[in-house]
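To start, the structure under review is shown below, and the notes come after it.
The values are calculated or read from the model by the stated rules, or taken from the named source; none is laboratory data. This one's a predicted model, so the numbers in the text were calculated from it and none came from an experiment. When we count neighbours, we look across all protein chains shown, and the Cβ atoms used for this are built from the backbone with ideal geometry, even at glycine. Areas reflect the complete protein model, heavy atoms only, side chains present, ligands, DNA and RNA absent. Shrake-Rupley method; radii C 1.70, N 1.55, O 1.52, S 1.80 Å.
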Amino acid sequence: MQDMIRRHQFTLKKSLGQNFLVDENILNKIASAADLDEESYVLEIGPGAGALTQVLADQAKKVVAVEIDRRLETVLNDTLYGFDNVSVYFGDALKLDLHDILSKEIPADATVTVVANLPYYVTTPILMRLLTDGLPINKMVVMIQKEVASRLEAIPGEKSYGSLSIAVQYLAEPRIIMTVPKTVFVPQPNVDSAVIRLDIRTEKKVRVIDEPFFFRLVRASFAQRRKTLINNLINNLYNKNHKELLLDILNRVGIDPGRRGETLTIEEFARLSDALGELTDMS
Ligand code: SAM
């Protein structure tokens, strides 16, 4: 693969997160964590020079890949030569109409597995788009920064537990598959990586009456991590005039107002979100 990049005189762009994976063993492990078979449809974000794409195309029925960098077209034509089950689209995965692309590439009732070595600079927006855009995704196996992977998997009380952990766990079940040293990339990034698998829940982890408010509440509760829940609510969602009412509601749902947001479970946030509904108009 490195020869291929050299042969095409391709210069890697750091600004596009172009750290290409050059370890065959890791490529195989990523594909195997996705449990693909000859009936599987795969959506790959950022095929780069096609190293992972080749492994995926060997195992799946079809691979649809989305790459932002048009300069890779000639490289991919070369590396994917002979694979008739790969379609590459050029454009930004955050902007392209993925519904439209998938509707052209996979049967209407099929689901896709996302497999990707994601560009670090847009990991969170890409993950959130894929999770919330209503695409027919059943699971994702993605390589991301190790530190971000721990945030996705974190549970209450852990340092990396935050609004991202809740947003992701509300929609999916995350499981870190392995950590990956920086030495398997060209060029080497500054940080280690991890492969994480996210199984999309068929039903969300909790039911809430008002989903946008639930997420506003979560963000507000983590806005100042060292502050108590009641202070974060007063400072970031309500104001001092609501203090007594808020204490009352917290008391009613059995949550100590002196706790920090980082100790609350998703179920507790859901309970609080529903109970605070009556105050929403006043915020
Ligand atoms: N899959 C290859 C591999 O494993 O060696 C390349 C992975 S590299 C970490 C990330 C790839 O994502 C690069 O090819 C980069 O050009 C592409 N990329 C960056 N931003 C993108 C975006 N917004 N949409 C689609 N592709 C993007």
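So that you can scan it fast, the table gives a plain yes or no per residue for (1) near the ligand (Cβ under 10 Å from one of its atoms); (2) within 25 Å of ASN190 (Cα to Cα); (3) not assigned by TED's automatic domain parsing to the domain that holds ASP97:
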position	(1), (2), (3)
LEU12	yes, yes, no
LEU16	yes, yes, no
ASN25	no, yes, no
SER32	no, no, no
ASP35	no, no, no
LEU52	yes, yes, no
VAL63	no, no, no
THR74	no, no, no
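What are the residues in segment 115-145 that are of a type in the set (A, V, I, L, M, F, W, C) and part of a loop (DSSP other than H, G, I, E, B), if any? Walk me through how you get there before you give the answer.
Applying the first criterion (of a type in the set (A, V, I, L, M, F, W, C)) to segment 115-145 yields 115-116, 118, 122, 126-128, 130-131, 135, 137, 140-144.
Matches in segment 115-145: LEU118, LEU135.
Scanning segment 1-34 for residues that are over 15 Å from LEU72 (Cβ atoms) and without any contact (Cβ under 8 Å) to a residue 24 or more places away in the chain gives ASP3, GLU24, ASN25, SER32.
Among all residues of segment 157-177, there is at least one that is assigned to a strand (DSSP E or B) and among the β-branched types (Val, Ile, Thr). Among all residues of segment 177-193, there is none that is free of Cβ contacts under 8 Å to residues at least 60 places away in the same chain, surrounded by fewer than 13 Cβ atoms within 10 Å (Cβ to Cβ) and more than 30 Å from LEU52 (Cα to Cα). In this structure, GLU267 does satisfy being surrounded by fewer than 14 Cβ atoms within 10 Å (Cβ to Cβ) and in a helix (DSSP H, G or I).
Within segment 115-142, how many residues are within 11 Å of the ligand (Cβ to nearest atom), hydrophobic (A, V, I, L, M, F, W, C) and over 16 Å from LEU36 (Cβ atoms)?
Filtering segment 115-142 for residues within 11 Å of the ligand (Cβ to nearest atom) gives 115-123, 125-126, 129, 142.
Remaining after also requiring hydrophobic (A, V, I, L, M, F, W, C): 115-116, 118, 122, 126, 142.
Subsequent filtering for residues that are over 16 Å from LEU36 (Cβ atoms) retains 118, 122, 126.
The number of residues fulfilling the criteria is 3.
The helices (runs of 4 or more DSSP H) found entirely in segment 1-114 that carry 2 or more residues being at pLDDT 95 or above and open to solvent by 20 Å² or more (accessible area, probe 1.4 Å) are 24-33, 51-59, 73-79, 98-105.
How many residues are open to solvent by less than 40 Å² (accessible area, probe 1.4 Å), within 11 Å of the chain's Cα centre (by Cα) and away from the ligand (no atom under 14 Å from the Cβ) when one looks only at segment 143-158?
So the first thing to find is which residues in segment 143-158 are open to solvent by less than 40 Å² (accessible area, probe 1.4 Å), and the list is 143-144, 148-149, 152, 154.
Then drop every residue that is not within 11 Å of the chain's Cα centre (by Cα), which leaves 143-144, 148-149, 152.
Checking which are away from the ligand (no atom under 14 Å from the Cβ) leaves us with 149, 152.
Summing the residues that are open to solvent by less than 40 Å² (accessible area, probe 1.4 Å), within 11 Å of the chain's Cα centre (by Cα) and away from the ligand (no atom under 14 Å from the Cβ) in segment 143-158 gives 2.
Would it be correct to say that ARG252 is open to solvent by 20 Å² or more (accessible area, probe 1.4 Å), touching a strand residue (DSSP E or B) at 6+ places or on another chain (Cβ under 9 Å) and modelled with pLDDT of 95 or more? Walk me through it before giving the result.
On the way: open to solvent by 20 Å² or more (accessible area, probe 1.4 Å): yes; touching a strand residue (DSSP E or B) at 6+ places or on another chain (Cβ under 9 Å): no; modelled with pLDDT of 95 or more: yes.
So ARG252 fails the test.
Against the condition in contact with an Asp or Glu (Cβ under 9 Å, 6 or more places away or on another chain) and outside the structural domain of VAL141 (by TED's automatic domain parsing), how does VAL180 come out, does it pass? No, not satisfied.
Take the residues in segment 76-105 that are aromatic (Phe, Trp, Tyr) and away from the ligand (no atom under 12 Å from the Cβ), then tell me which one is nearest to the chain's Cα centre (by Cα). Give the steps one after another, and end with the answer.
Step one: filter segment 76-105 for residues aromatic (Phe, Trp, Tyr), giving 81, 83, 89-90.
Now restrict to residues that are away from the ligand (no atom under 12 Å from the Cβ): 81, 83.
Details: TYR81: 30, PHE83: 28 Å.
Result: PHE83.
Any chance segment 214-228 includes a residue that's without any contact (Cβ under 8 Å) to a residue 24 or more places away in the chain and under 28 Å from ILE137 (Cα atoms)? Yes. Residue pairs whose Cβ atoms lie under 8 Å apart, separated by 6 or more positions or on different chains, with the first residue in segment 61-84 and free of Cβ contacts under 8 Å to residues at least 40 places away in the same chain and the second part of a loop (DSSP other than H, G, I, E, B) and of a type in the set (Ser, Thr, Tyr), are LYS61/SER40.
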